[in-house]
Amino acid sequence: MLTDFLKLSPASQVKFLKTEQFAQMEKSRCIEFLKEVALTKDISSKCLACTLKILRELKFQDRAFYGSFLQHPDSSVYMACKKALSERGFDTAFGFFPKRELLKKQNMEKKLAAVKNIISETDQSGEDLLISILGEDNLKTRELIVKELSKRAQIDEGKLLKQLPHSLWYVRAAIVEILGNRQSPLLLEISEKLLTDANVEVRMKLLEGLAKLDREQVKEYILRMTKDPHMRISREAKRIFAKI
């Protein structure tokens, strides 16, 4: 069933989840199917938000499951998680939502101060908040977070990777920059896909990150980037490749 579902377009997937046919399925089967959909890589944000909403309506209770989507950059997914956790009585226990909501309402000066305050937190919630704020459409806050997460001795880099499939271009660029600055081996794992990313800035951050890794490991990728359709990237890739 999941295989056939994933062949549908995002709009058709959402439409199917709202059909009477799906609603008449046995509850436990519905829940298991929806959990599989939510955890499927590259599922659309619209479908993910719809899936979380239906799980909430089916009274599915799993704080860890809903919490795993808290850092999603799409507001519809975030709100679906918030409502599910709030109804289950978990909202204030997380301490996540109040901080994030408060941060959104701040002016730029206060927002930067708030981010600096979060940076001082070394626990898991502080890291989760910083990753979630990468989705804020503000360059200064992103630069602050990129700098902080790049230099931390230890972070859960897997959480960064999880954001890539659904992220806006500037979030993808920030994540790639962080991984590059950290000289993370995970950057190599995603390089193949990022080589064809639609956004020029994301590809440029990839090139800059690859240049910081072992040259023999990245040689093939940099060579391929010398043929990038964007002149700025191809020129810089040629410069880097000449030094390998």
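The numbers here are math on the coordinates, done by the rules we state, and not lab data. Note that the structure is a prediction, hence the values are computed from the model and not measured. As a convention, Cβ positions derive from the backbone with ideal geometry for all residues, glycine included, and neighbour counts pool all protein chains shown.
Quick notes
- Of the trypsin sites (Lys or Arg not before Pro) found in the range 172-244, the ones in coil according to DSSP and having at most 15 other Cβ atoms within 10 Å of their Cβ are LYS212, LYS227, LYS243.
- Cα principal axis extents for the chain, largest first, Å: 62, 45, 28
- Simple point charges give the picture: +1 on the Cβ of Lys and Arg, -1 on the Cβ of Asp and Glu, and for the chain a dipole about the Cα centre of about 520 debye.
- The range 192-244 and the range 16-70: distance between their alpha carbon centers, rounded to Å: 38
- Remark: for residue pairs LYS41/LYS140; LYS18/LYS162; LYS7/LYS46; LYS15/LYS53; LYS15/LYS59; LYS219/LYS243, the C-alpha separation exceeds 19 Å in LYS41/LYS140; LYS18/LYS162; LYS15/LYS59.
- Helical mean residue ellipticity (222 nm; -39500 (n - 2.57) per DSSP H run of 4+; nearest 500) of the chain: -20000 deg cm²/dmol
- Unit Cα scatterers, Debye sum, the range 1-94: log10 I(q)/I(0) for q = 0.10 Å⁻¹: -0.24
- Size descriptors for the range 160-244: radius of gyration and Dmax over Cα atoms are 11.6, 35 Å.
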